[in-house]
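See structure below.
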Amino acid sequence: MSKETTLEEKALPAGPCVMVIFGASGDLAKRKLIPALYNLGLAKMLPENFAIVGLGSRPLSKEEFEEHLSSELCDFVSCEINPKLKNWLVERMHYIQGDFNHPETFQELEKTLKEVDKKYKTGGNYLHYLAIPPSFFLNVVEKLSSAGLTQEENGSWRRIVVEKPFGHDYESARALNLDLQKHLREHQIYRIDHYLGKETVQNILVFRFANGIFEPIWNRNYIDHVQITVSEELGVEHRSKYYEEAGALRDMVANHMLQLLAYVTMEPPNSFDAEAVRTEKAKLLQAIKPITPEEVLSSTVRGQYGHGKSAEGEQLLGYRGEPGVSPESEIETYVALKFLIDNWRWADVPFYIRTGKRMSKRTSEIAIFFKKPPYTLFSHTEVHHLKTNVLVIRIQPNEGISLSFSAKVPGPVLNMGRMKMDFSYCDYFGSKKPAIGYETLLSDCMKGDATLFLRADNVEYAWETLISVMDVWKSMPARDFPNYDAGSWGPEEADKLLEKEGRRWRNV
Ligand code: BG6
């Protein structure tokens, strides 16, 4: 069962297990999973009794697979490779080439797992990581189940990790959850949102609930509004096939952005137990006010980048010119929208969210704008405008937290300047950090701690908030695409979204 992991357990390696990677010759395994396992090994957080079984479609011998992984490790691990650890890992890697549609592949897997269990004393504990397109999820889970590889018996555990997208809308997410639950108990399903693996995202709850001074003012009485920005400099890269079906709303808002919003706004759970945290998150997501079809027109903005220039002056293609993208594509690469939360704490506080590709700068941050103080005290002085205090939680890059406030500029005239108290992770904890962001997630999953993973209802409520946006956008294709230049801050309409309410996007 999913459980609260004690601090002592957090600091220890997980117990014996095998990690089975479906899609072992693919991109996710190479860029994230194997390097994260290496980093866990470096931090002495991998179990002594551990092995990896990779499944993929490419015909690779054991030697070729080892060679493939070793060279990828060198490409994707940011520090110098420790040969002893690399050899330890490579020695524990096994590869099965097979078609996920064929039951023989799973018979072969069962046989390999038996041998591996015996050799490495992994106790029949399996972490099946589905690093494969979602269209294969169910098929693989069904076949794993038929091969007896998902049943938890004799004290062993069996878990499945799935990557987003979890469906493409509310209905399909619900159907996927129900289908998965036919073969697995909910506590066996680990739905990954890699944003929850980021240190700075995990720190949001610590910042809020481990400090006495913020929570009393964390509500509608003191907070004017909140802005959540996730901007990317990169374009669609080599992912046009996926992105042409997804777009920014499904790719970023339905998951990462709503998770950030939930962490900033949820009520304190009564413990750090996975169920307690995810229940509060579910309550919050459920409290997001449904956007009506009329509000979609006034409270949401979508955009698509045209050609433009990067900050360094490099010419950038427009989205419709990217390889694999339709020249008439209606897919949005930018979204800005306003959410309201229907509960006692947040009534009437707007939450403005924006995310886009090919924007001027890569940044993910949450900015909390506090209400202005009453003006009267300074009205007979040189001070013409009082500014709001802004608390900025910088998720990435330049991770940290800052609070801006006004202070008197020294001199005989009463004048004010803007000051900042700034905490930077780098200054306090050094620049050394887990390079990948999957380390904690993998380790937690091996330990059975599901706090940082999405429960079925968390996924469904998130999609539910976007139903009318999807419906209206679908029935009214955007006529003005492309409507922002690559390398800019998005469409002008997004500025108007805030301006009409007397606010402005923070200049990041
Ligand atoms: C992924 C999206 O989930 O998150 C990508 O599919 C996006 O489109 C990425 O680029 C952003 O993640 P990060 O960690 O780079 O901010």
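Check whether at least one residue in the stretch 70-86 is over 29 Å from Phe100 (Cβ atoms), in contact (Cβ under 8 Å) with a residue 60 or more places away in the chain and among the hydrophobic types (A, V, I, L, M, F, W, C), and report yes or no. Looking through the stretch 70-86, at least one residue is over 29 Å from Phe100 (Cβ atoms), in contact (Cβ under 8 Å) with a residue 60 or more places away in the chain and among the hydrophobic types (A, V, I, L, M, F, W, C). Criterion applied to Ala486, Ala494 was being touching a His at 6+ places or on another chain (Cβ under 7 Å) and more than 30 Å from Arg159 (Cα to Cα), and the one residue passing it is Ala486. Going residue by residue through the stretch 202-215, is there one that turns out to be in a helix (DSSP H, G or I), more than 10 Å from the ligand (Cβ to nearest atom), farther than 15 Å from Leu452 by Cβ and under 20 Å from the mean Cα position of the chain (by Cα)? Yes; the residues of the stretch 202-215 include at least one that is in a helix (DSSP H, G or I), more than 10 Å from the ligand (Cβ to nearest atom), farther than 15 Å from Leu452 by Cβ and under 20 Å from the mean Cα position of the chain (by Cα).
Listed by first and then second residue, the pairs linking a residue in the stretch 188-210 that is farther than 20 Å from Asn458 by Cα and open to solvent by less than 10 Å² (accessible area, probe 1.4 Å) to a residue that is part of a helix (DSSP H, G or I) and not β-branched (Val, Ile, Thr), with Cβ atoms under 7 Å apart and 6 or more places separating them unless they lie on different chains, are Arg208/Glu215.
So that you can scan it fast, the table gives a plain yes or no per residue for (1) of a type in the set (D, E, K, R); (2) at negative phi; (3) touching a helix residue (DSSP H, G or I) at 6+ places or on another chain (Cβ under 6 Å); (4) modelled with pLDDT of 85 or more:
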{"site": "Phe405", "(1), (2), (3), (4)": "no, yes, no, yes"}
{"site": "Lys433", "(1), (2), (3), (4)": "yes, yes, no, no"}
{"site": "Glu439", "(1), (2), (3), (4)": "yes, yes, yes, yes"}
{"site": "Leu442", "(1), (2), (3), (4)": "no, yes, yes, yes"}
{"site": "Gly448", "(1), (2), (3), (4)": "no, no, no, yes"}
{"site": "Phe453", "(1), (2), (3), (4)": "no, yes, no, yes"}
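Within the stretch 244-277, the set of residues being over 18 Å from the mean Cα position of the chain (by Cα), of a type outside the set (S, T, N, Q) and away from the ligand (no atom under 13 Å from the Cβ) comprises Glu267, Pro268, Pro269, Phe272, Asp273, Glu275, Ala276. In the stretch 332-352 there is no residue matching the filter, namely being in a helix (DSSP H, G or I) and over 24 Å from the mean Cα position of the chain (by Cα). Selection within the stretch 216-243: residues that are aromatic (Phe, Trp, Tyr) and in a loop (DSSP other than H, G, I, E, B). The member of this set that is farthest from the ligand (Cβ to nearest atom) is Tyr222. Scanning for something in contact (Cβ under 8 Å) with a residue 12 or more places away in the chain, closer than 19 Å to Glu439 by Cα and open to solvent by 60 Å² or more (accessible area, probe 1.4 Å), does the stretch 49-69 turn up at least one residue? Checked against the condition, which is being in contact (Cβ under 8 Å) with a residue 12 or more places away in the chain, closer than 19 Å to Glu439 by Cα and open to solvent by 60 Å² or more (accessible area, probe 1.4 Å), the stretch 49-69 yields no hits at all.
Considering the stretch 176-196, the residues that are more than 16 Å from the ligand (Cβ to nearest atom) and assigned to a loop (DSSP other than H, G, I, E, B) include one that is farthest from Leu130 (Cα to Cα), namely Arg185. Counting only strands (runs of 3 or more DSSP E) that sit wholly inside the stretch 390-483, those with at least 3 residues that are more than 16 Å from the ligand (Cβ to nearest atom) and more than 23 Å from the chain's Cα centre (by Cα) are 400-408, 416-424.
Residues of the stretch 310-325 that are in contact with a Ser or Thr (Cβ under 9 Å, 6 or more places away or on another chain), farther than 16 Å from His238 by Cβ and open to solvent by 40 Å² or more (accessible area, probe 1.4 Å): Ala311, Arg320. For the stretch 331-351, indicate whether the set of residues that are within 16 Å of the ligand (Cβ to nearest atom), closer than 23 Å to Gln259 by Cα and aromatic (Phe, Trp, Tyr) is non-empty. Looking for residues that are within 16 Å of the ligand (Cβ to nearest atom), closer than 23 Å to Gln259 by Cα and aromatic (Phe, Trp, Tyr), one finds at least one in the stretch 331-351, hence yes.
When every residue of the stretch 233-253 is checked against the conditions, none turns out to be at pLDDT 95 or above and in contact with a helix residue (DSSP H, G or I) (Cβ under 6 Å, 6 or more places away or on another chain). From the list Leu28, Leu42, Leu89, the one residue that fits, being open to solvent by less than 20 Å² (accessible area, probe 1.4 Å) and within 30 Å of the chain's Cα centre (by Cα), is Leu89.
Regarding the stretch 353-370, can at least one residue be identified that is assigned to a loop (DSSP other than H, G, I, E, B), open to solvent by 50 Å² or more (accessible area, probe 1.4 Å) and away from the ligand (no atom under 16 Å from the Cβ)? No, every residue in the stretch 353-370 fails to be assigned to a loop (DSSP other than H, G, I, E, B), open to solvent by 50 Å² or more (accessible area, probe 1.4 Å) and away from the ligand (no atom under 16 Å from the Cβ). Inside the stretch 328-342, can you point out the residues that are surrounded by fewer than 16 Cβ atoms within 10 Å (Cβ to Cβ) and closer than 30 Å to Glu215 by Cα? If the condition is that a residue be surrounded by fewer than 16 Cβ atoms within 10 Å (Cβ to Cβ) and closer than 30 Å to Glu215 by Cα, then Asp342 is the only one that fits.
Considered as a group, the residues in the stretch 172-187 that are without any contact (Cβ under 8 Å) to a residue 24 or more places away in the chain and of a type in the set (Gly, Ala, Ser) include one that is most open to solvent (accessible area, probe 1.4 Å), and that residue is Ala175.
The values are calculated or read from the model by the stated rules, or taken from the named source; none is laboratory data. Keep in mind that what you see is a predicted model, and the values were worked out from it rather than measured. Counting neighbours? That spans all protein chains shown, and the Cβs are built from the backbone with ideal geometry, glycine included. Note: areas computed on protein heavy atoms with side chains; ligands, DNA, RNA excluded. Shrake-Rupley method; radii C 1.70, N 1.55, O 1.52, S 1.80 Å.
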